[in-house]
1. Identify all residues within the range 88-103 that are without any contact (Cβ under 8 Å) to a residue 60 or more places away in the chain, among the aliphatic types (A, V, I, L, M) and under 17 Å from residue 317 (Cα atoms); write none if there are none.
2. Which pairs do you get when a residue that is without any contact (Cβ under 8 Å) to a residue 40 or more places away in the chain, found in the range 160-187, comes within reach of a residue that is surrounded by fewer than 21 Cβ atoms within 10 Å (Cβ to Cβ) and of a type in the set (Asp, Glu), reach meaning Cβ atoms under 8 angstrom, with the pair 6+ apart or on two chains?
3. Checking the conditions here, which among 305, 244, 225 is at pLDDT 95 or above and in a helix (DSSP H, G or I)?
4. Within the range 351-358, does at least one residue satisfy the condition of being in contact with a helix residue (DSSP H, G or I) (Cβ under 8 Å, 6 or more places away or on another chain), under 30 Å from residue 75 (Cα atoms) and without any contact (Cβ under 8 Å) to a residue 40 or more places away in the chain?
5. Take the residues of the range 59-84 that are touching a helix residue (DSSP H, G or I) at 6+ places or on another chain (Cβ under 6 Å) and over 19 Å from residue 132 (Cβ atoms): which is modelled with the highest pLDDT?
6. Cβ-Cβ distance below 9 Å, separation of 6 or more or different chains: which pairs start in the range 267-286 with a residue that is in a helix (DSSP H, G or I) and end on one that is among the basic types (Lys, Arg)?
7. Is it fair to say residue 109 is more than 30 Å from residue 330 (Cβ to Cβ), outside any helix (DSSP H, G or I) and either of a type in the set (Gly, Ala, Ser) or at pLDDT below 90 (or both)?
8. Restricting attention to the range 242-277, and to residues there that are hydroxyl-bearing (Ser, Thr, Tyr) and closer than 17 Å to residue 163 by Cα, which single residue is surrounded by the most Cβ atoms within 10 Å (Cβ to Cβ)?
Amino acid sequence: GFGIFYMMVNIGGFIGPIVAGVVRGWDWKYVFWASAGWIVVMGVTCIIFYQEPPRDAEAESRRSLTEVFSSMIGVVGNGRFFLLIVGLLVMLVMGSKWWSFGHVAIVAGAWLGLNLFADVALRAAGRDGTAPWLLQPMRVGEGRYMVFLLLMAGFWTSFNQIFMTLPEYIRDYVDTSDLIAGLSTIAVWFGTDISNWSRALLENNQLKPEYIINLNAFGIIAFQVLISYIVRRRSPLTSIILGVSVTVVSFLVYLVAPTGWVVVAAVLVFSVGEMLASPRSKEYAGRIAPPEKVGMYMGYFYWCVALGNLFGGLLSGITYQHFGPQGVDRPGAMWVLFAVLAATTAVGLIVYNRIVAPQRAAGDLS
C-alpha cells in the first residue's frame, strides 16, 4: 500500500518537471502560474470529491483541539522539552537564510544552556509532573521514535542532493552529448526528428538537468510496486537499511565519468535505494505507533523530511561552493562526502535496529 502511494506521488513528480521544462522555455513566470493553477485545480477537486473515511472522521470528531495538541506534544515529550526542540528548529531555519552560522551557534548554545540550567534548578527544587508545564523538568517522550527520525533526517539530507546539487553538477561538469546521440537514434526509430524538440530539451547544447533527474521519478513509477512486492516479507527496518546502503553506491557511481549515461545510471541506482527505504520508513512509523497515535506518528515522520530539506540545502550550498568550479574544483570529493553521509546513516540504522529498537526488531537483520 505504501509502495502504491509512493508510486502515485512520483507520477506527479515525473510529469511536473517535464511540463516545467517546456513552460520555462517560454518564460519563467509561466512556471509559477502553471504551478499555482494546478494547486487550485487539485484543491477544488479535493473539496468536491474527497470524503474522510467514516471511521477516521468519527474518531477525530471525538477529540478536542486541546487533546490533539496534548497528543502532539506528548510524542516529543512534555511542554518544556517540546519548547526546547521547537526553539532549536526555529534557530536552524533562521540560520539557513538570515543568520550566520556563528550567530546560530551562539544563540542555540545559549538557548540550550538556559534550558539545561533551568532543568537542574527545577529538579533541585523538587518540581515534578504535577507543576505547571513551564515549571516542570524536561521529559523526553517517544525517545526511540525521535532517534529514528534523526537518523532518517540523514537519509533525506543525502536524498536532497539529487535535486539540489546534481542540477549544478550536470550544468558545470557533465557532457550529455552521449545522451543526445542516444535520444537521436531512438527518435529515428520512431520517425521523428529530435531537433524539433531542442527548445524544450536542450540548454546551451546540453540536455536540461531536470530531464535527467526526472528519471528518478520515472524509475519509481515503473518499478516501485515490483520492489515493494519483492521485499514484502522483510521487516521495514531491514528494507530501509538496504535502501540507504544502495544510495551509498549511487553516489560513488558519479566518480566513474562526467558523462550523461553515467549520471543516468547513478540516478536509477539511487531510485532503487529510494524505493526500498522511503515507503517502508512511513510503514515503520505506522507500525510502531500506538493504535490511537498512528496518524500523529506518521505526521511527525515529516519532521525528518523537513530536517533533510533544511540540512540538505545547507550542505549543498557549502559543499558545492567549496568543491565546485568556484572552489577547489574537485566534484568527486563532494560525491564521496555524500556517500559517507549516507553510509553513516546506514550504520546508525543498523545500531538502532540492534540496540535501540524494540526487542522484536533487534533480530531483523539476522
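1. Answer for the range 88-103, where residues must be without any contact (Cβ under 8 Å) to a residue 60 or more places away in the chain, among the aliphatic types (A, V, I, L, M) and under 17 Å from residue 317 (Cα atoms): just 94.
2. Between residues of the range 160-187 that are without any contact (Cβ under 8 Å) to a residue 40 or more places away in the chain and residues that are surrounded by fewer than 21 Cβ atoms within 10 Å (Cβ to Cβ) and of a type in the set (Asp, Glu), the close pairs are 187/193.
3. Numbers: 305 fails: at pLDDT 95 or above; 225 fails: at pLDDT 95 or above.
Residue meeting the stated conditions: 244.
4. Going through the range 351-358, the residues in contact with a helix residue (DSSP H, G or I) (Cβ under 8 Å, 6 or more places away or on another chain) turn out to be 352-358.
Subsequent filtering for residues that are under 30 Å from residue 75 (Cα atoms) retains 352-358.
Narrowing the set further to residues that are without any contact (Cβ under 8 Å) to a residue 40 or more places away in the chain leaves 354-355.
Scanning the range 351-358, I find at least one residue that is in contact with a helix residue (DSSP H, G or I) (Cβ under 8 Å, 6 or more places away or on another chain), under 30 Å from residue 75 (Cα atoms) and without any contact (Cβ under 8 Å) to a residue 40 or more places away in the chain, so the answer is yes.
5. First, pick out the residues of the range 59-84 that are touching a helix residue (DSSP H, G or I) at 6+ places or on another chain (Cβ under 6 Å): 71, 73, 75-76, 79, 82, 84.
Subset that is over 19 Å from residue 132 (Cβ atoms): 71, 75.
Details: 71: 76, 75: 81.
Filtering the range 59-84 for residues that are touching a helix residue (DSSP H, G or I) at 6+ places or on another chain (Cβ under 6 Å) and over 19 Å from residue 132 (Cβ atoms), the one modelled with the highest pLDDT comes out as 75.
6. Qualifying pairs under 9 Å: 280/234.
7. Values: more than 30 Å from residue 330 (Cβ to Cβ): yes; outside any helix (DSSP H, G or I): no; either of a type in the set (Gly, Ala, Ser) or at pLDDT below 90 (or both): yes.
Criteria not met by residue 109.
8. Taking the range 242-277 first, the residues hydroxyl-bearing (Ser, Thr, Tyr) are 245, 247, 250, 254, 259, 271.
Filter again for closer than 17 Å to residue 163 by Cα, leaving 247, 250, 254, 271.
Values: 247: 28, 250: 24, 254: 24, 271: 26.
Restricting to residues being hydroxyl-bearing (Ser, Thr, Tyr) and closer than 17 Å to residue 163 by Cα, the top hit is 247.
The values are calculated or read from the model by the stated rules, or taken from the named source; none is laboratory data. Nothing here was measured: the structure is a model prediction, and the numbers come from that model. Glycine also receives a Cβ, built like all others from the backbone with ideal geometry; neighbour counts cover every protein chain displayed.
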